[in-house]
Amino acid sequence: MKKLLMFFVCAVMSGTLHAVPARVDYIFDGDTFSAQVMLEPDVNVTVRVRLINIDTPEMNGKCVLEKQMAVRARDVLSALIPRGTVVELDNIKDDKYLGRINANVFLPDGRDVGLILIDSGLGRPYKGGKRKSWCD
């Protein structure tokens, strides 16, 4: 298993990993979930996936409004990709946290999960750097 995880990490870092299916396991918040990435028919690696290019409110936010929005964003993500849903991960990038990747996430019908959250008002585009406050 350790060798498999190293393969996955190396593939992500080198940019050689293309779109892959993943089975959703657990929703952490509005832009992060755990999934089993299906590398081969009987080879899975469990990782945390952060939606790329989107920011959602933090569960431990700085104000009541941010915390309320964070719960709604998590609930919407949970409804979009409930446990067991197979999604497509694309544009996979290494993340600053070990064991987490960044990726575009697509529903079985092809819709982009990040864009759905942005369109709902529970997320906004994010290109890195300092995040704008949800409390203003």
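The numbers here are math on the coordinates, done by the rules we state, and not lab data. This one's a predicted model, so the numbers in the text were calculated from it and none came from an experiment. Note that each Cβ is placed from the backbone with ideal geometry, even for glycine, and that neighbours are counted across all protein chains shown.
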- Lysine pairs meeting the criterion (Cα under 24 Å, 8 or more apart or interchain), as found in the chain: 18
- Normalised contact order of the stretch 2-125, rounded percent, pairs of Cα under 8 Å and 6 or more residues apart: 28
- Note on the structure: Here the residues of the stretch 21-44 lying in the modelled label zone of residue 120, meaning backbone nitrogen under 17 Å from a point 7 Å along Cα-to-Cβ, are 24-34
